[in-house]
Amino acid sequence: MLAVLPLGAQQTYKVGDRVEAYDAGWNKGAITGLGTGTYEGYYMVKYDAFSTERWFRPRDLRPGGPADAPKQYPSYKVGDRVEGYDFGWHPGAILETRAGKDATEYLIKYDKFSTSRWYHPRDMRSAAAATAEQAEKDRASASAVQGPRLGKYGIQSYGGVSAVPLYLGHFELMAGGKYRISRTSGEPYYGEGTYRFNAAALTVEWLSGPLAAPEWSGKFSVDGNRHRIALRSRTIAFNTQ
């Protein structure tokens, strides 16, 4: 069922107008028909992303911009070394190509299996990209063993997938295995304590102070320049200095 949204004064459209239609979210499309009879005052909309058309009331429409440019995918040739994703990345080589709906598709012969499979390029990567990704993982792992850098870590709590994270303040890791914690981005600090880094387990262990509670874990990881300490399943602290 369409949502009734308070969009203000209803607009009129003509065939060919670009619009966005609300149906469990805003979807880009174009007006392809004007309603008569039972559908008097309605507009037929052809979605950009789907093959279907639907009648919409004007209150569920808003002016839309041009259609998104077709997504560009990398291209490969027969013999190229690639990896295809199927519950994990699997290396192989391209045997054949064929025209797909929106991109060239590729038949990959796996290295470790006797079978081959057709792939869309969105589910592929080149062997060079795979090597670069592994090198970055190795670099991050080596950096993580060194432990979290000193400085301020902003604390964010995450709810639903699309929800804006809730800012809970920050803690500051200081020299000598000490930390202090605030409910804001600055002072005042309402507590302090001590910690240590377990390089074998890659965890920050809170020894005393407000964070020294069973429910506060401290799994540590590095992503590029960002140091990340998991506090709870949905509460994470970040430092990007």
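Quick rundown of the values:
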quantity: Some residue of the stretch 201-208 being surrounded by 17 or more Cβ atoms within 10 Å (Cβ to Cβ), within 19 Å of Ser233 (Cβ to Cβ) and either over 29 Å from the mean Cα position of the chain (by Cα) or not assigned by TED's automatic domain parsing to the domain that holds Val222 (or both); calculated: yes
quantity: Scope the stretch 167-188; condition crowded, with 17+ Cβ neighbours inside 10 Å and among the hydroxyl-bearing types (Ser, Thr, Tyr); matching residues; calculated: Tyr179, Ser182
quantity: Leading residue by the ranking (surrounded by the most Cβ atoms within 10 Å (Cβ to Cβ)) among those in the stretch 7-31 that are among the charged types (D, E, K, R), modelled with pLDDT of 85 or more and in a loop (DSSP other than H, G, I, E, B); calculated: Asp17
quantity: Among (1) more than 28 Å from the chain's Cα centre (by Cα); (2) assigned to a strand (DSSP E or B); (3) not aliphatic (A, V, I, L, M) - the single one Gly79 does not satisfy; calculated: (2)
quantity: Exclusive hit being under 25 Å from Arg122 (Cβ atoms) and among the β-branched types (Val, Ile, Thr), set Val82, Val45; calculated: Val82
quantity: Odd one out for Ser116 among (1) surrounded by 15 or more Cβ atoms within 10 Å (Cβ to Cβ); (2) of a type outside the set (Val, Ile, Thr); (3) under 26 Å from the mean Cα position of the chain (by Cα); (4) at negative phi; calculated: (3)
quantity: Single residue of the stretch 37-56 satisfying the filter (within 15 Å of Tyr13 (Cα to Cα) and in a loop (DSSP other than H, G, I, E, B)) that is farthest from the chain's Cα centre (by Cα); calculated: Glu40
quantity: Sole exception among (1) at pLDDT 85 or above; (2) of a type in the set (A, V, I, L, M, F, W, C); (3) under 20 Å from Arg18 (Cα atoms); (4) assigned to a loop (DSSP other than H, G, I, E, B) for Ala67, by number; calculated: (1)
quantity: Set Arg98, Arg62: member being modelled with pLDDT of 90 or more, in a strand (DSSP E or B) and surrounded by 14 or more Cβ atoms within 10 Å (Cβ to Cβ); calculated: Arg62
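Yes or no, residue by residue, for (1) β-branched (Val, Ile, Thr); (2) closer than 28 Å to Phe50 by Cβ; (3) in the same structural domain as Asn225 (by TED's automatic domain parsing):
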{"position": "Phe87", "(1), (2), (3)": "no, yes, no"}
{"position": "Leu95", "(1), (2), (3)": "no, no, no"}
{"position": "Arg98", "(1), (2), (3)": "no, yes, no"}
{"position": "Ile108", "(1), (2), (3)": "yes, no, no"}
{"position": "Ser116", "(1), (2), (3)": "no, no, no"}
{"position": "Tyr119", "(1), (2), (3)": "no, yes, no"}
{"position": "Thr131", "(1), (2), (3)": "yes, no, no"}
{"position": "Gln134", "(1), (2), (3)": "no, no, no"}
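The values are calculated or read from the model by the stated rules, or taken from the named source; none is laboratory data. What you see is a predicted model; the values in this text were computed from it and never measured. So basically every Cβ, Gly included, is an ideal-geometry build from the backbone, and we count neighbours across all protein chains shown.
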